[in-house]
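Participant: To start, I am sharing the structure in question, which I have written as structure tokens.
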Amino acid sequence: MGAATYSAPKTPLRTNRLATVIDPGEAQRARWAADPAGFVENDLGARLWEAQVEILEAVRDHVRVAVRSCNGSGKTYVAAHIVLWWLMAFPESMVITTAPTERQVREVLWREIRRAYRGNEELIDGKLTWTALELGDKHYAHGISTNEAGRFQGYHEGNILFVVDEASGMREDIFEAIEGSMTSAGARLLLLGNPTALGGTFYEAFHRRRDLWHTLHISAFDTPNVASGRIDVPGLVSPQWVKVAAQNWG
């Protein structure tokens, strides 16, 4: 897979310039840290279904989480809200997100992050660019492309979250570099993707190295629209798509 490069523009898309930024305080952050789904639904105003709640709680409770999923399950949507939850729940924290290509970094996960941020600017504050959200010198989220594995080294903050989207297509040297930054007690690693490869770190998380991972599987038949036979959640996989997929692939 070809290497991709990308440098985020310096001009922010949106900057919250409130005269007074209200810090939520230690007690509020503790409540958010304990109840990520509550924060996402009640404070960010997002709508979650059961599997998305499971992913949020898994990241709260486990160091390494791997989610293999059908298309259109809402995994990227919940990953974007996990990024914001992490930053809001922990005052000095960072999130590093990546994907196999620059387009996936900028136009998939970070598009969802930008959308969620814009609906909650007064709560989150900070400076947003195409692939970065800066809340402070030691408090930020960055989307990094995969042209150099060395770019993933040297991160050792106490509360650090790595999010790898489309993990089935990720280069192995990137996973190795991320593991080198998983040294602190507050480190977390979330992998999401469709199970399209029969080898590599994402595949092994569900097989030979399963004892190191908390794993989740989202079937199309479990998603709200397919389970009900109607479009209850726009944007998720539809019953019609499943029928066509069955005709095409058996």
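Participant: Would you kindly derive the ³J(HN,Hα) couplings of the range 25-41 from the backbone phi angles with the Karplus curve 6.51 cos²θ - 1.76 cosθ + 1.60 (θ = phi - 60°), listing them in order in whole Hz, with x for Gly and Pro?
Facilitator: Per-residue couplings from phi come out as x, 4, 5, 5, 4, 4, 5, 5, 4, 6, 9, x, 5, x, 4, 5, 7 Hz.
Participant: Take the solvent-accessible surface of the protein heavy atoms, probe 1.4 Å, and return the percent of it on the range 58-199 that carbon and sulfur atoms account for.
Facilitator: Exposed carbon and sulfur together represent 45 percent of the surface.
Participant: Under 12 Å from a point 7 Å along the Cα-to-Cβ line of residue 249: which residues of the range 70-107 have their amide N that close?
Facilitator: Within reach of a label on residue 249: 70-72.
Participant: Within the chain, which is the longest segment containing none of the trypsin sites (Lys or Arg not before Pro) that sit in a DSSP loop and have at most 14 other Cβ atoms within 10 Å?
Facilitator: Counting only loop sites that pass the neighbour cut-off, the longest clear stretch is 48-137.
Participant: Restricting to bridges with both residues inside the range 118-250, how much of the DSSP beta-bridge set is antiparallel, in percent to the nearest 5?
Facilitator: Roughly 65 percent of the DSSP beta bridges within the range 118-250 come out antiparallel.
Participant: Calculate the FRET efficiency for residue 198 and residue 118 from the Cβ-Cβ distance with a Förster distance of 35 Å, rounded to the nearest 0.05.
Facilitator: Efficiency, from the Cβ-Cβ distance: 0.35.
Participant: Okay, moving on. With 5 Å bins from zero, work out the P(r) of the chain over every alpha carbon pair and list the percent per bin.
Facilitator: The percentages, shortest bin first, are 1, 6, 13, 18, 20, 17, 12, 7, 3, 1, 0, 0.
Participant: Whole-Hz Karplus ³J(HN,Hα) for the range 190-201, in order, using 6.51 cos²θ - 1.76 cosθ + 1.60 and θ = phi - 60°, x for Gly and Pro?
Facilitator: Listing the rounded values in order: 10, 10, 9, x, 8, x, 9, 10, 9, x, x, 4 Hz.
Participant: Here's something else I'd like to know. State the antiparallel share, in %, of DSSP beta bridges confined to the chain, rounding to the nearest 5.
Facilitator: 25 percent
Participant: How would you classify the range 101-250 from its alpha-carbon gyration tensor, with a ≥ b ≥ c the square roots of the eigenvalues: rounded for a/c under 1.5, else prolate if a/b is greater than b/c, otherwise oblate?
Facilitator: oblate
Participant: Around residue 159, which amide H atoms from residues at least 5 apart in sequence, or from another chain, sit under 5 Å from its own amide H, with H modelled in the peptide plane?
Facilitator: Result for residue 159 returns 94.
Participant: Shifting gears a bit: For the range 169-190 and the range 199-229, compute the distance between their C-alpha centroids and round to whole Å.
Facilitator: Here the answer is 19 Å between Cα centres.
Participant: Relative contact order for the chain: what is it in percent, counting Cα pairs under 8 Å that are at least 6 residues apart?
Facilitator: Once divided by the residue count of the chain, the mean separation gives 25 percent.
Participant: Read phi for every residue in the range 121-133 and hand back ³J(HN,Hα) as whole Hz from Karplus 6.51 cos²θ - 1.76 cosθ + 1.60, θ = phi - 60°, with x for Gly and Pro.
Facilitator: 4, 5, 6, 7, 6, x, 10, 10, 10, 4, 9, 7, 10
Participant: For residue 218, which sequence-distant residues (separation of 5 or more, or a different chain) have an amide H within less than 5 Å of its own amide H, given hydrogens modelled in the peptide plane?
Facilitator: Those qualifying (amide H under 5 Å, at least 5 residues apart or on another chain) are 68, 69, 70.
Participant: Toward the positive end of the charge dipole of the chain, about the Cα centre and with charges on Cβ (Lys, Arg +1; Asp, Glu -1), which of 141, 206, 242 goes farthest?
Facilitator: 242
Participant: In the Gaussian network model of the chain, springs joining C-alpha atoms below 10 Å, which of 52, 240, 104 carries the largest mean-square fluctuation?
Facilitator: Of 52, 240, 104, the most mobile in the Gaussian network model is 240.
The values are calculated or read from the model by the stated rules, or taken from the named source; none is laboratory data. Note that this is a predicted model, so its numbers are computed, not measured. Don't worry about glycine lacking a Cβ; one is built from the backbone with ideal geometry, like all the others, and counts go over all protein chains shown. When the accessible area is computed, the model is the full protein with side chains, heavy atoms only, and any ligands, DNA or RNA have been set aside. Shrake-Rupley method; radii C 1.70, N 1.55, O 1.52, S 1.80 Å.
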